[in-house]
Amino acid sequence: MLQKIKSFSIITISVVIMAIGVYYFKFPNNFCFGGVTGAAVVFAKLLPISASSFSFIVNMALLVLGFAFLGKEFALRTSYATVLLSALLLILEKLHPLTHPLSNEPMLELVFAIALPAIASALLFYEGASSGGTDVIAMIVKKYTHVQDIGIALFITDLIMIIIACFVFDIKTALYSFVGLTLKSFLIDAIIENIMLRKSVMITCDDKDAICRFITEELNKSATIVNAKGAYTNEDKYLIFTTLTRKQAAAVRSFIHENHLTAFISMSSTSEVFGKGFSSI
């Protein structure tokens, strides 16, 4: 229960960050990075409807579509995030209507329009959720067509919206949008990789019991022990292999130092870890 509360708290904070980035920086500047909010920017200019209302209607329609094709277990977290984002955009529109950008610095506002949703999206993906929209279509396509590289299809869709923006707005806005789309993709990948970063640890030691006891009992992780022999001293040693979070790796290092254990520690960073205690294969 505590894990679920923590997960939904992170999703809520992420959606709030995304709503602020979209409403205050993306909508007023007509930035179109694709997706439902990108389409909202374009169609709000063509139709007698606000961008927030358009996002709400389309997100709800895609949510129903997702339940119909992906079943009742379809991303409960995604459903929550989608409804919350749509509701927040409508609330912000009522409480603080915007008729123009917050500043006269489009590049500065582009930075926030990219960074805030990118951070939010990375946190949502980390929690196994998304903000809905075209991600729902990607999940349906992946399930029924077995197409693995959905990112390319979504990028093409987003690019189409930017091309339409050239005709609806101006070339300057379209160029800003293209830069935003490209940088957002790289930023999301970088943030996710940083969040998922783990430490692959190799410890060469004389006393394996104390270290292994700390790893298994205090950190609730496991390790692999290999008998070894020192090349210089020709003495028997133990190699302990384990994979930990950055915080846990620091705890192991502190434990060895505080207890004056003779050990040689080597740590390397990795973001792809699958198995018990980490991501499922």
What accessible area, in Å² to the nearest ten, does a 1.4 Å probe give for residue 107?
100
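Ranked highest first by the average count of other Cβ atoms within 10 Å around their residues, in what order do 170-183, 223-236, 254-267 fall? Display every interim value, and only then the final one.
On the way: 170-183: 17.8, 223-236: 10.4, 254-267: 13.3.
So the order, starting with the most tightly packed, is 170-183, 254-267, 223-236.
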Keeping all protein chains in the complex and leaving out DNA, RNA and ligands, what accessible area do you get for residue 105 with a 1.4 Å probe, in Å² to the nearest 10?
110
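Here are some pairs, 4/199; 6/208; 4/94; which of them have Cα atoms lying more than 29 Å apart in this structure?
Numbers: 4/199 26 Å; 6/208 35 Å; 4/94 31 Å.
In this structure, 6/208; 4/94 exceed 29 Å between Cα atoms.
Taking the solvent-accessible surface of protein heavy atoms with a 1.4 Å probe, what is the per residue accessible area of region 165-272 in Å²?
Details: 6760 Å² over 108 residues.
For region 165-272, the solvent-accessible area averages 63 Å² per residue.
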Solution diffusion estimate, µm²/s, Stokes-Einstein, region 34-115, Kirkwood Rh from C-alpha pairs, 10 °C, viscosity 1.306 mPa s
111
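The values are calculated or read from the model by the stated rules, or taken from the named source; none is laboratory data. Remember, predicted model here, so these are calculated numbers, not experimental data. Cβ: placed from backbone, ideal geometry, glycine included. Neighbour counts: every protein chain shown. All accessible areas refer to the heavy atoms of the entire protein, side chains included, with ligands and DNA or RNA removed. Shrake-Rupley method; radii C 1.70, N 1.55, O 1.52, S 1.80 Å.
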